[in-house]
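Asker: Sharing a structure below in C-alpha cells format, with a few things to ask.
Taken together, the values in this text are just the output of simple stated rules run on the coordinates, not laboratory data. Predicted, not measured: the structure shown is a model, and the values here were computed from it. Don't worry about glycine lacking a Cβ; one is built from the backbone with ideal geometry, like all the others, and counts go over all protein chains shown.
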Amino acid sequence: MSFKRIQKIPTPDQILQKMPMSATLKKIKAGRDREILNILKGKDKRLLVIIGPCSADNELALCEYVSRLAPLQNKVRDRLILIPRIYTNKPRTTGAGYKGMLHQPKASEGPNISQGIIVIRRMHLKALAESGLTAADEMLYPENYPYLEDILSYVTIGARSVENQEHRLTVSGLDIPVGMKNPTSGDLNVLLNSVQAAQIPHTFIYNGWEVNTQGNPLAHCILRGAINCHGQSIPNYHYEDLINFAQAYLKRKLLNPAVIVDTNHANSDKDFRQQPRIAEEVMRSLNRSKDLKKMVKGLMIESYLKEGSQEVGGRMFGKSITDACLGWPDTKKLILTLAENNK
C-alpha cells in the first residue's frame with residue numbers, strides 16, 4: 001500500500017456545526033427550491049439558466065459574479081430562474097491539472113483538502129448571503145456532498161462520472177434536482193440508464209454507513225454533446241436531436257422527464273463564443289415544438305467576469321483558469337435575450 005496519511009478530514013457534522021446556515025438563508029433556499037421544483041415538474045413555464053464559470057477559483061471574483069446576477073434575476077424573474085454555477089471540483093480527463101478549490105483553496109498552491117472544505121462552504125454561504133441566489137455545484141466526489149447539502153439547490157453529475165455506480169446510487173438519496181450529463185461517448189442509453197438508476201431505491205455503503213434511499217424523482221438529463229473515436233465533437237442540441245431524444249426519454253416512462261441543454265463543451269466544440277448562438281437556436285426549437293417546450297427545462301452556460309481563459313497563476317481578475325467562458329457583457333445580453341424569447 002503506497003497511501004500516505006496526510007491529515008484527518010473533518011466530518012460533515014463538524015463543519016456544519018462550525019459554519020451553520022442562518023435561518024434567513026434557509027428560508028431563501030426553501031423558496032428557491034420550490035420554484036426550481038415547479039419548473040422541473042412542469043407547473044411553472046419559466047426556464048432554468050444554470051450559469052457561471054467553468055470552475056470557481058477565487059472567492060472574491062466568484063462572489064462578485066454572483067452578485068451581478070442578482071439584479072439581472074430580478075429583471076427576468078417572470079421568464080427565467082438563474083442558478084449560479086459555483087463548481088468547486090474540476091474533473092480532469094488525464095488526472096493532471098487544477099482540480100478545483102476543494103483540492104486547492106489557492107490555485108497557485110498545493111492541495112489542502114481539509115482547508116478546501118472550509119473555503120468552499122464559506123464561499124457558497126457568502127455568495128448566497130450577498131445575492132439571494134442558491135447555487136449549483138458538481139458532485140465529483142459523492143462523499144463530499146454532505147459538506148454542502150444544506151446550501152445547494154441543484155447538483156450536476158459530469159460526463160465522466162455518470163456511468164459510475166456510486167454516483168448513481170448517491171443521487172438516489174438526494175432530495176434536490178440532479179442533472180446527469182450524457183457520457184463523453186454520447187451514448188444516450190447510458191444516460192437514460194443513469195437517470196433510471198437514480199430514480200429508484202437502493203441499499204449501499206455511504207460514508208461509513210449502510211444506507212437505503214427512496215430514489216430521486218428529480219434526477220434528469222443534461223445534453224452536452226459527444227466526442228467520437230477521432231476526437232471530433234458531435235453536438236446534440238439541434239432540433240432533430242432534441243426531438244429524437246424526447247421520444248426515447250418518454251419510452252422509458254421515467255418520472256418527471258426533463259432536459260437541460262449545455263451550450264458549451266462538445267456542443268460548442270469548446271468554442272465559448274458559440275454559446276449565445278446555440279442557446280438562441282434551442283429557444284427557437286422550443287417555440288416550434290410543444291413537446292420540446294414541455295420537456296426542455298433550461299440551459300447550462302459557462303460565463304465569468306472576463307471572457308476567455310488564462311493559465312493557472314494568471315493575474316486577470318474574474319477570468320477562468322480552466323475552460324474558456326463568456327464575459328459579463330455577453331452574459332448579460334444573452335440572459336436578456338433568453339428572457340425575451342421564452343414566450
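Asker: Exactly one of (1) in a loop (DSSP other than H, G, I, E, B); (2) under 19 Å from MET295 (Cα atoms); (3) of a type in the set (D, E, K, R) is unmet by ARG160. Its number?
Answerer: The number of the failed condition is (2).
Asker: Regarding the range 311-326, can at least one residue be identified that is in contact with a Pro (Cβ under 8 Å, 6 or more places away or on another chain), of a type in the set (A, V, I, L, M) and not in a helix (DSSP H, G or I)?
Answerer: The answer is yes; a qualifying residue exists.
Asker: Could we say that ASP150 is in contact with a His (Cβ under 9 Å, 6 or more places away or on another chain) and either surrounded by 23 or more Cβ atoms within 10 Å (Cβ to Cβ) or of a type outside the set (Phe, Trp, Tyr) (or both) here?
Answerer: The answer is no for ASP150.
Asker: Just to be sure, is ARG168 in contact with a helix residue (DSSP H, G or I) (Cβ under 7 Å, 6 or more places away or on another chain), under 29 Å from ASP323 (Cα atoms), among the charged types (D, E, K, R) and in contact (Cβ under 8 Å) with a residue 40 or more places away in the chain?
Answerer: When the stated conditions are applied, ARG168 does not pass them.
Asker: Oh, and also: Could you tell me whether PRO235 is buried (at least 18 other Cβ atoms within 10 Å of the Cβ), over 22 Å from GLY42 (Cα atoms), free of Cβ contacts under 8 Å to residues at least 60 places away in the same chain and not basic (Lys, Arg)?
Answerer: Against the criterion (buried (at least 18 other Cβ atoms within 10 Å of the Cβ), over 22 Å from GLY42 (Cα atoms), free of Cβ contacts under 8 Å to residues at least 60 places away in the same chain and not basic (Lys, Arg)), PRO235 qualifies.
Asker: Only one residue in SER320, SER285, SER289 is touching a residue at least 24 places away in the same chain (Cβ under 8 Å) and either among the basic types (Lys, Arg) or crowded, with 22+ Cβ neighbours inside 10 Å (or both). Which one?
Answerer: SER320
Asker: Ok, one more. Between THR88, THR24, THR93, THR11, which is surrounded by fewer than 16 Cβ atoms within 10 Å (Cβ to Cβ), under 30 Å from ALA258 (Cα atoms) and among the hydroxyl-bearing types (Ser, Thr, Tyr)?
Answerer: It is THR93.
Asker: Something else: For the range 207-217, state whether one or more residues are more than 21 Å from TYR154 (Cα to Cα), in a helix (DSSP H, G or I) and of a type in the set (D, E, K, R).
Answerer: Within the range 207-217 (the criterion being more than 21 Å from TYR154 (Cα to Cα), in a helix (DSSP H, G or I) and of a type in the set (D, E, K, R)), the answer is no, since none of the residues qualifies.
Asker: Next up: Give the range 202-227 a look and list any residue that's buried (at least 19 other Cβ atoms within 10 Å of the Cβ) and closer than 12 Å to GLY186 by Cβ, or say none.
Answerer: Once the filter is applied, which keeps residues that are buried (at least 19 other Cβ atoms within 10 Å of the Cβ) and closer than 12 Å to GLY186 by Cβ, the range 202-227 yields LEU223, ARG224, GLY225, ALA226.
To keep it simple, each residue is scored yes or no on (1) surrounded by 20 or more Cβ atoms within 10 Å (Cβ to Cβ); (2) assigned to a loop (DSSP other than H, G, I, E, B); (3) of a type in the set (A, V, I, L, M); (4) touching a Lys or Arg at 6+ places or on another chain (Cβ under 7 Å).
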| site | (1), (2), (3), (4) |
| --- | --- |
| CYS229 | no, yes, no, no |
| ASP241 | no, no, no, no |
| PHE245 | yes, no, no, no |
| LEU250 | no, no, yes, no |
| LEU254 | no, yes, yes, no |
